[in-house]
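Rule-based calculations on the coordinates, nothing more; no lab input. Note that the coordinates shown come from a computational prediction; the quantities given were computed from them, not determined experimentally. Neighbour counts run over all protein chains shown; Cβ positions are idealised from the backbone, glycine included.
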Amino acid sequence: MRLRNRMKLEFLSRPENVSLARVAVATFATEVDFNLSDLEEIKVAVSEAVSNAIVHGYEGKPTGTVLLTATLYQNELEIVIEDRGRGIADLARALQPGTSSDPERMGLGFVFMKSFMDEVDVWSEAGQGTRVKLVKTLPGELRAQNLAES
Amino acid sequence: MSLEVQKQHDTLIVRVCGEFDLRAADYCRRDIDQKLKTQGAKHILFNLGGVTFIDSSGLGVILGRYRKVTENGGKVAISNVPPRVTRILELSGITRLIPVYANESLALKELA
Ligand SMILES: Nc1ncnc2c1ncn2[C@@H]1O[C@H](COP(=O)(O)OP(=O)(O)OP(=O)(O)O)[C@@H](O)[C@H]1O
Ligand SMILES: [Mg+2]
C-alpha cells in the first residue's frame, strides 16, 4: 500500500477537541475526492471514537491525552484514535449495538462507526487504554485511477 | 452551537443550531431540563433546522428528554430535519420512537 500522506494530532481529552479532531480529519481528507456524504460519515465516525476516548476512556477527566493519526494510502484513508484510559474489559459486549456502560447513553457510537466506515478494528485492554482503527475506501473512480498510475 | 427555547401552550420548542456534539450535549441537557421545570411545559418539540452536525451525544440528549417527558405523560416531536441529519436519525432508531414533521406548525398541531 503506497503511502500518500499522513498527519498526527495530539490533544487533551476536552469536549471542545472533538470538533477539532473531526474538522482536521475532514480537511486532511479533502485532498481526495470523497463526496460530501462520505466526508460527513467520516466526521461522525471520528467524532464517535474521540468522544468515547474522552467520556469512557478518561471518564470525563480533561487531562488525558488523545492521539489521532490519519494516513492516506493509495486506495484508502485510515484513521487511528488512541487513548491511555481505563480500557474495555469486555470488548465483545461493548461492540454489541445498543450496549452502553452509561445509562444516559444509547450505545450508538460503534454502530455509527461500523455503518459509516468500511472497516472498524478495536484493540483494548482494561487499565491500558483503547485504540480504534477506522478505514474508508477511497471513491471507486479515484481508486481505479491510482491503481493505473502505480 | 446555540439553543433557542420558547414555550408555546404546553410545549417547549427547542431550536438547535450548529454542531450538536459532546461539547454541546451537557449544556443542552441542563438548559432544557431546567426550562422544562421552570416553565412547566409538558411536551417538547425539537426543531433541528439549524443543525450542521449531530452524533450520538446530541441524539442522546433528544432520547434522554424523550424518556423523561414520556414518563410524565408528555409527548416529543422533531421537526425541520436537514437532509444531512436524516440518515443518522433513522439509523439511530429514534424515528421509530419520535414522530418527525416537516415544520413546527404541523408538529404543534399533533402535540396539542
Ligand atoms: N475509548 C474507550 N475507553 C473505554 N471504554 C470504551 C471506549 N470506547 C467505548 N467504550 C465502551 O464501549 C461502550 C460502547 O461504546 P459506544 O460508543 O458504542 O456507546 P456509548 O458511548 O456508551 O453510547 P453513545 O455512543 O451512543 O453515546 C461504552 O459504553 C463503553 O463502555
Ligand atoms: Mg460512544
To make sure I understand, if each residue's beta carbon is the centre and we count other beta carbons within 10 Å, what order do B:43, B:9, A:56 fall in, fewest to most? B:9, A:56, B:43
So for segment A:3-149, averaging the separation of alpha carbon pairs under 8 Å that are six or more residues apart and normalising by length, what relative contact order in percent results? 27
Helical contribution to [θ] at 222 nm, DSSP H n ≥ 4, -39,500 (n - 2.57), averaged over the protein assembly as shown, rounded to 500: -12000 deg cm²/dmol
Filtered hits (aspartates and glutamates, Cα-Cα < 14 Å from residue B:75, offset >= 8 within chain) -> B:10, B:110
Expressed as a whole number of Å, what is the distance separating the alpha-carbon centroids of segment A:77-113 and segment A:1-67? 15
Applying 1/(1 + (r/R0)^6) with R0 = 30 Å to the Cβ-Cβ distance of residue A:3 and residue A:114, what FRET efficiency is obtained, to the nearest 0.05? 0.70
Go through segment B:42-53 residue by residue and turn each phi into a ³J(HN,Hα) via Karplus (6.51, -1.76, 1.60, θ = phi - 60°); whole Hz please, and just put x for glycine and proline. 9, 10, 10, 10, 8, 8, 9, x, x, 6, 9, 7
Shape descriptors of segment A:30-106 over alpha-carbon atoms, Rg and Dmax in angstrom, are 14.5, 42
Between residue A:30 and residue A:92, the two model label points (7 Å from Cα along the beta-carbon direction) sit apart by a distance in nm of 4.5
Could you tell me the distance between the Cα centroids of segment B:1-47 and segment A:121-138, to the nearest Å? 34
Straight-line reach only, C-alpha to C-alpha below 26 angstrom: list the lysines that residue B:68 could link to, leaving out same-chain residues fewer than 8 apart. B:7, B:35, B:37, B:42, B:109
If you only keep lysine pairs separated by 8 or more in sequence, or across chains, how many in chain A come under 19 Å at the Cα atoms? 8
